[in-house]
Amino acid sequence: MIKLLSFGDHLEKGIYNVHSRFDKVINFYSGKAFVFIVNNSIGGGPFNIVVDDVDFSELENLIIAEDYFQLNDEKVFFDNSKKYNSELKVSAFNENKFTSNLVFFEKALIENSSDKSLTFLLDERRKKNFKSSYEIEFVRRFDLAAEYFISSNFLEGIKLIKGVGFGLTPSGDDFISGFLIALNYLEKFYKVDNSDLIAHVYEAAKGENIFTNIFLLAAKNGSLFEKFKNLIHSILYSGQNEILENTRTLISFGETSGADQGVGFLFGIKRNLK
C-alpha cells in the first residue's frame, strides 16, 4: 500500500507516462507537464509526489486528478496537511548575516562539489579537472558566458550556455535556473521588482528540452525544491554547520546539477547585491 509523505503545490491534472527512471525517482510526463514520483531522500518539490512503501521498478502509469493520484491500479487521496509549499517565506532579512553566510556557502560549494561542476567559475584552480578538447571548449564557453552575466548582458550569456553540458539537465540550464531563483528571492530580500528581467531570462532560456523547461518554469516562479529551499533558509537564518549540511545535500542531486544550480544562484545574488 502506497504511503503518501507529501505532494507538490503545482501538480497538473492529467494522464502521465514514464519519461525516465532512476533508483529513487521516476519522471512522468503528459504533454509539457511533469510529475516526479520520488522517495523521501529526494524530498518535496512543486512537481514532486513523495511516497514510501513503493517498488519503483513496477511503476508504469500515473493519473493526477482533482483530489487523488493513481499509480498503476492503486488510488491515493491527497491529504492537504501533506501539501508541500514551494515558496520560501522571508520573515526578516539581515543583510550582514546573509552576506557572511553566502561567503561560507560559496566556500562549501567549491570544496564539496564534483570535479566537473561549474564551480570553476568561482575558483580558477578547478579548471585543471577539464582535460579533453570538449571539456576545454566547455570551460571556454562558460567563462565567456560568465563575463556576459557579470556585465549584465544576460541574454548573450544565455545563448552560449542553454542546453550545454552534462547530464539529464544540462549544466547551462541548471546555472540559469539558479540565476532565476536568485532574481526571485532578491525581490523578497530588497523589495525590488525584477519581474521584467525574470521574464526575459526565462523566455531566452526555454528550449526544446521539455524536461529542463519545467525546472526553468519553477525557478521563474520562485518555486523551490526542498533541498534548495532548505539551503536558502539556512543562509538566511542559520549557522555554518547547517549551511554545510544543506550544501552537501544540494550537490547530491545529480552528478553536477545541484552544484551548477548553486553556482547560478551565487552569480545572481552576488551580481545584484546592493
State the number of residues belonging to the range 101-134 that are under 15 Å from Thr247 (Cβ atoms) and in a helix (DSSP H, G or I). 14
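Have a look at Glu124, Glu106 and point out the one that is in contact (Cβ under 8 Å) with a residue 24 or more places away in the chain and either surrounded by 13 or more Cβ atoms within 10 Å (Cβ to Cβ) or not hydrophobic (A, V, I, L, M, F, W, C) (or both). Don't jump to the end; show me each part of the working.
Numbers: Glu124 fails: in contact (Cβ under 8 Å) with a residue 24 or more places away in the chain.
On inspection, the qualifying residue turns out to be Glu106.
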Residue pairs meeting the criteria (Cβ under 7 Å; at least 6 apart or on separate chains; first within 15 Å of Gly45 (Cα to Cα), in the range 79-92; second among the β-branched types (Val, Ile, Thr) and modelled with pLDDT of 95 or more): Leu88/Ile232
Can you find a residue that is modelled with pLDDT under 95 and under 30 Å from Tyr190 (Cα atoms) anywhere in the range 76-89? yes
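Scan the range 59-71 and give yes if some residue there is of a type outside the set (A, V, I, L, M) and either closer than 23 Å to Gly264 by Cβ or under 23 Å from the mean Cα position of the chain (by Cα) (or both), otherwise no. Break it down into steps so the answer makes sense when it comes.
First, the residues of the range 59-71 that are of a type outside the set (A, V, I, L, M): 60-61, 66-70.
Subsequent filtering for residues that are either closer than 23 Å to Gly264 by Cβ or under 23 Å from the mean Cα position of the chain (by Cα) (or both) retains none.
No, because not a single residue in the range 59-71 is of a type outside the set (A, V, I, L, M) and either closer than 23 Å to Gly264 by Cβ or under 23 Å from the mean Cα position of the chain (by Cα) (or both).
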Output the number of residues of the range 34-87 satisfying the condition of being under 21 Å from Asn213 (Cα atoms) and charged (D, E, K, R). 1
For the range 143-247, list the helices (runs of 4 or more DSSP H) that sit wholly inside it and hold at least 2 residues that are in contact (Cβ under 8 Å) with a residue 12 or more places away in the chain and touching a Phe, Trp or Tyr at 6+ places or on another chain (Cβ under 7 Å); which are they? 154-161, 171-190, 210-220, 226-237
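Of all residues being among the hydrophobic types (A, V, I, L, M, F, W, C) and more than 15 Å from Asp53 (Cβ to Cβ) in the range 1-18, which is farthest from the chain's Cα centre (by Cα)? Just the residue, please. Quick ask: steps written out before the conclusion?
Let us first name the residues in the range 1-18 that are among the hydrophobic types (A, V, I, L, M, F, W, C), namely 1-2, 4-5, 7, 11, 15, 18.
Now restrict to residues that are more than 15 Å from Asp53 (Cβ to Cβ): 7, 11, 15, 18.
Details: Phe7: 17, Leu11: 17, Ile15: 25, Val18: 21 Å.
It comes out as Ile15.
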Flag if Ser100 is without any contact (Cβ under 8 Å) to a residue 12 or more places away in the chain and either among the hydroxyl-bearing types (Ser, Thr, Tyr) or not assigned by TED's automatic domain parsing to the domain that holds Asn209 (or both): yes
Could you tell me whether any residue of the range 203-212 is over 13 Å from the mean Cα position of the chain (by Cα), modelled with pLDDT of 95 or more and exposed (fewer than 15 other Cβ atoms within 10 Å of the Cβ)? yes
Can you tell me which residues in the range 249-262 are closer than 24 Å to Ala146 by Cα and in a helix (DSSP H, G or I)? Leu250, Ile251, Ser257, Gly258, Ala259, Asp260, Gln261, Gly262
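The values are calculated or read from the model by the stated rules, or taken from the named source; none is laboratory data. A quick note: this is a predicted structure, and the numbers were derived from the prediction, not measured. Glycine gets a Cβ as well: all are built from the backbone with ideal geometry, and neighbour counts include every protein chain shown.
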